[in-house]
Amino acid sequence: MEISYRKAKASETTGIRLLLEESKLPTESLGRDTTEFFIAQSAGRVIGVAGFEFYGSDALLRSVAIPADLQNKGIGSGLVDWMLAQAKIRGTKRIILLTTTAQTFFERKGFEVTDRSAVRNEAITSSSEFTHACPVSAVCMTLAVQ
């Protein structure tokens with residue numbers, strides 16, 4: 001399967017919303033300038049989505065979703081690898097995320113579990129992801145971008 005990656009278009013918001021809802025992920029940042037969404041696409045079909053919120057030299061990775069029928073085929077891994085490369089190109093120094101279901105996946109990508117109180121970027125800790133979109137029980141993880 002040939003996969004391409006790119007920034008999502010405004011016209012793709014409905015499809016992204018459906019995929020996030022199917023994956024039980026928050027949709028509150030869709031249609032706002034806060035989160036930049038990116039997609040993985042194959043044969044004209046959106047087969048993955050992920051978002052970044054940039055706060056200074058830090059980025060918040062959020063909303064990584066793959067359709068249920070395509071999970072466990074390496075698509076999410078490829079999309080996250082591409083997202084990490086984009087963050088590096090942009091000059092990001094640290095990527096932060098919250099997860100309730102994918103801790104092991106992100107550990108394989110080099111992320112480490114971090115206490116939320118150790119995230120010293122007020123813009124991130126004040127973001128919707130940290131304040132209400134993700135439960136307090138979500139695991140906080142960080143990755144230093146090399």
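The values are calculated or read from the model by the stated rules, or taken from the named source; none is laboratory data. Owing to the predicted nature of the structure, the values given are computational and were not obtained by experimental measurement. Heads up, the Cβs are rebuilt from the backbone with ideal geometry, glycines too, and the neighbour counts pull from every protein chain shown.
Go through the residues of the stretch 62-84 one by one and say whether even a single one is over 25 Å from Leu18 (Cα atoms) and hydroxyl-bearing (Ser, Thr, Tyr). No: the stretch 62-84 contains no residue that is over 25 Å from Leu18 (Cα atoms) and hydroxyl-bearing (Ser, Thr, Tyr).
Counting only residues that are at pLDDT below 95 and charged (D, E, K, R), which one in the stretch 111-129 is surrounded by the most Cβ atoms within 10 Å (Cβ to Cβ)? Among residues in the stretch 111-129 that are at pLDDT below 95 and charged (D, E, K, R), the one surrounded by the most Cβ atoms within 10 Å (Cβ to Cβ) is Glu129.
Yes/no per residue for (1) closer than 19 Å to Val145 by Cα; (2) of a type in the set (A, V, I, L, M); (3) touching a residue at least 40 places away in the same chain (Cβ under 8 Å):
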position: Ser23; (1), (2), (3): no, no, yes
position: Leu30; (1), (2), (3): no, yes, no
position: Glu36; (1), (2), (3): yes, no, no
position: Gln41; (1), (2), (3): no, no, no
position: Phe54; (1), (2), (3): yes, no, no
position: Asp58; (1), (2), (3): yes, no, yes
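Residues in the stretch 109-139 that are in contact (Cβ under 8 Å) with a residue 12 or more places away in the chain and either among the basic types (Lys, Arg) or in contact with a His (Cβ under 7 Å, 6 or more places away or on another chain) (or both) were compared, and the one that is nearest to Ser63 (Cα to Cα) is Lys109. For the stretch 20-72, a residue qualifies if it is within 16 Å of Cys134 (Cβ to Cβ) and of a type in the set (D, E, K, R), and the qualifying residues are Glu21, Lys24, Glu28, Glu53, Arg62.
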